[in-house]
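The values are calculated or read from the model by the stated rules, or taken from the named source; none is laboratory data. Here the structure is a predicted model, which means the values were calculated and not measured. As a convention, Cβ positions derive from the backbone with ideal geometry for all residues, glycine included, and neighbour counts pool all protein chains shown. Just the protein is used for accessible areas: all its heavy atoms, side chains included, with ligands, DNA and RNA removed. Shrake-Rupley method; radii C 1.70, N 1.55, O 1.52, S 1.80 Å.
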Amino acid sequence: MRDLGYVETLEHAMLPLTVSGLRLSFGGKTVLDGLDLSLTATGVTVIMGPNGAGKSQFLKLLHGLIAPDAGQIDWNGTPATRATARQALVFQKPVLLRRSVAANLDFVLKARGKDRSRRDALLDHVGLSDKARQPARRLSGGEAQRLALARALALDPEVLLLDEPTASLDPGSVLAIEAIIRDARTRGVKVILVTHDPGQARRLADEVVFLHRGRVAEHSSAETFFDRPRSTVARDFLDGRIVV
Amino acid sequence: MQDFGEAFALAFGLVLSPTGDLAEIVGLSLRVSLTATVLACLLGLPLGALLATARFRGRGAVLVFVNALMGLPPVVVGLLVYLSLSRAGPLGFLGLLYTSTAMIVAQTVLITPIVAALSRQILEDLNDEYAEQFRALCLTRWQSVQALLWDGRYALLTVALAGFGRAVAEVGAVMIVGGNIDHLTRVMTTAIALETSKGELALALALGMILMAIALGVNALVQSLRLSAERQAAHA
Ligand SMILES: Nc1ncnc2c1ncn2[C@@H]1O[C@H](COP(=O)(O)OP(=O)(O)O)[C@@H](O)[C@H]1O
Ligand SMILES: [Mg+2]
């Protein structure tokens with residue numbers, strides 16, 4: 001199932017990630033049905049799959065926010081529940097505090113014992129310097145997402161988990177956010193990105209994991225995935241057919 | 001009994017150029033009720049935050065209890081505080097009965113459940129919104145509570161004002177534990193009751209007008225805070 005064409009297995013303290021037999025259900029509804037996955041490569045792993053495939057729940061499991069009904073998540077020897085502080089997760093709808101943009105960063109820098117003088121550099125990095133004094137709750141969708149990214153980067157994560165960070169944003173914001181993701185990747189941060197947008201996956205992915213019916217339907221290098229996907233569901237998805 | 005018109009005229013005169021007595025009564029009222037409000041917040045906000053964010057055995061019972069205490073009649077609170085502070089009571093040795101401190105204690109007991117119950121509701125709603133994000137950011141419980149208190153500050157201020165409004169307007173508790181002693185424990189509400197019964201309508205009316213202005217002012221402040229908080233939330 002895996003021939004990862006590109007070889008970029010640099011050393012990474014949190015890799016390999018080994019997920020085995022992961023099960024998650026709500027009431028009678030099975031979301032993850034014995035999911036197995038092993039990530040060894042650094043760079044950007046894109047997770048795709050139809051709506052409701054369990055991508056968001058999977059990220060929460062990887063971040064140790066929720067417990068699976070069964071199965072293991074092992075970040076190079078560390079279980080997910082003890083890996084949270086070494087990672088950052090940006091939700092699809094990030095919750096910003098009811099204070100200024102700058103104060104949102106001040107708060108996490110202080111709470112997590114980080115160097116507070118980095119705030120301005122972080123704001124500059126995500127292009128929000130001129131909004132520093134504005135209430136965070138009045139930012140546009142793209143600006144809010146960039147602030148959430150700055151907040152995530154303020155934690156010096158070794159792994160960055162991103163849940164559809166550009167869903168329904170304007171093209172300018174998408175471009176800015178993709179640049180921030182590329183930069184994190186260059187600095188050796190392992191990025192796991194959920195996206196709905198095959199174009200974005202093409203632009204950013206080193207490898208692709210396709211989730212379907214609670215399992216990994218395909219795990220290939222980006223090149224393989226887009227040029228000759230092996231699974232029927234991935235092929236259908238890329239061809240724009242509806243996958244359920 | 002004075003003529004009503006005359007009484008109103010006198011009362012207006014008193015409000016516009018208060019005598020020493022009037023100023024003293026109003027000042028004591030404000031001092032007692034503001035102090036009680038601060039104490040009730042110091043006790044009630046942490047309790048509200050705890051109930052909003054923690055899940056422990058017996059939490060439901062505590063919630064019911066605190067909510068029930070919200071409806072305590074002031075005279076009953078006064079009676080209970082009286083029994084505790086009276087010479088034979090457990091706290092009798094403090095010698096606090098018929099002092100302004102006793103009135104502060106009674107009003108604090110009266111409004112702490114209000115502050116706790118109302119802030120619990122506000123902080124729980126906010127926590128529903130924030131909790132997962134806070135866990136993702138690996139914050140400690142104390143850091144989370146601090147952030148909740150700060151982000152809920154406008155709504156919590158309305159809670160404090162509601163508590164103050166109830167304290168400054170109640171008469172039963174301060175009457176029982178304070179005794180309405182001239183120059184010592186006479187506050188607006190007890191003075192109004194006394195002056196009315198004596199037929200001294202001018203002073204009673206003057207105090208009534210001031211009390212009403214305070215109550216309306218507090219209400220207006222609560223309304224405008226609520227509006228601005230809603231406006232903030234609308235931008236969320
Ligand atoms: N708290 C919950 N209670 C019940 N069902 C849930 C809950 N959270 C998620 N689900 C269900 O889990 C499934 C997977 O959700 P999600 O991970 O958000 O999918 P995706 O991100 O791939 O679109 C969905 O069918 C959703 O309805
Ligand atoms: Mg999702």
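Brief remarks follow.
- Number of residues in segment A:159-174 that are farther than 13 Å from A:LEU89 by Cβ and away from ligand 2 (no atom under 16 Å from the Cβ): the value is 5.
- Here the condition is being farther than 26 Å from B:LEU79 by Cα and crowded, with 17+ Cβ neighbours inside 10 Å; of B:VAL171, B:VAL218, it holds for B:VAL218 alone.
- Taking segment A:28-125 as the region of interest, the strands (runs of 3 or more DSSP E) fully inside it that hold 1 or more residues being more than 13 Å from every other protein chain (Cβ to nearest Cβ), surrounded by 14 or more Cβ atoms within 10 Å (Cβ to Cβ) and among the polar types (S, T, N, Q) are A:29-39, A:44-48.
- Answer residue from segment B:175-190, given it is within 18 Å of B:MET212 (Cβ to Cβ) and among the hydrophobic types (A, V, I, L, M, F, W, C) and is surrounded by the fewest Cβ atoms within 10 Å (Cβ to Cβ) among those: B:MET188
- Evaluation of A:ASP163 against (1) more than 14 Å from every other protein chain (Cβ to nearest Cβ); (2) acidic (Asp, Glu); (3) within 16 Å of ligand 1 (Cβ to nearest atom) (one fails), failing number: (1)
- Qualifying residue in segment A:206-225 (condition: farther than 22 Å from A:LEU17 by Cβ, within 16 Å of ligand 1 (Cβ to nearest atom) and buried (at least 20 other Cβ atoms within 10 Å of the Cβ)): no
- For segment B:133-155, the condition of being open to solvent by less than 30 Å² (accessible area, probe 1.4 Å) and away from chain A (no Cβ under 14 Å) holds for none of the residues.
- Checked against the criterion of being under 14 Å from B:VAL174 (Cα atoms), in contact (Cβ under 8 Å) with a residue 60 or more places away in the chain and crowded, with 20+ Cβ neighbours inside 10 Å, segment B:6-20 contains not a single residue that satisfies it.
- Test: A:ALA144 is within 14 Å of chain B (Cβ to nearest Cβ), open to solvent by 10 Å² or more (accessible area, probe 1.4 Å) and under 25 Å from A:ALA167 (Cβ atoms): yes
- Tally, over segment B:51-87, of residues that are more than 30 Å from B:THR140 (Cα to Cα) and under 23 Å from the mean Cα position of the chain (by Cα): 18
- Some residue of segment B:158-170 being part of a helix (DSSP H, G or I), of a type in the set (D, E, K, R) and within 14 Å of another protein chain (Cβ to nearest Cβ): no
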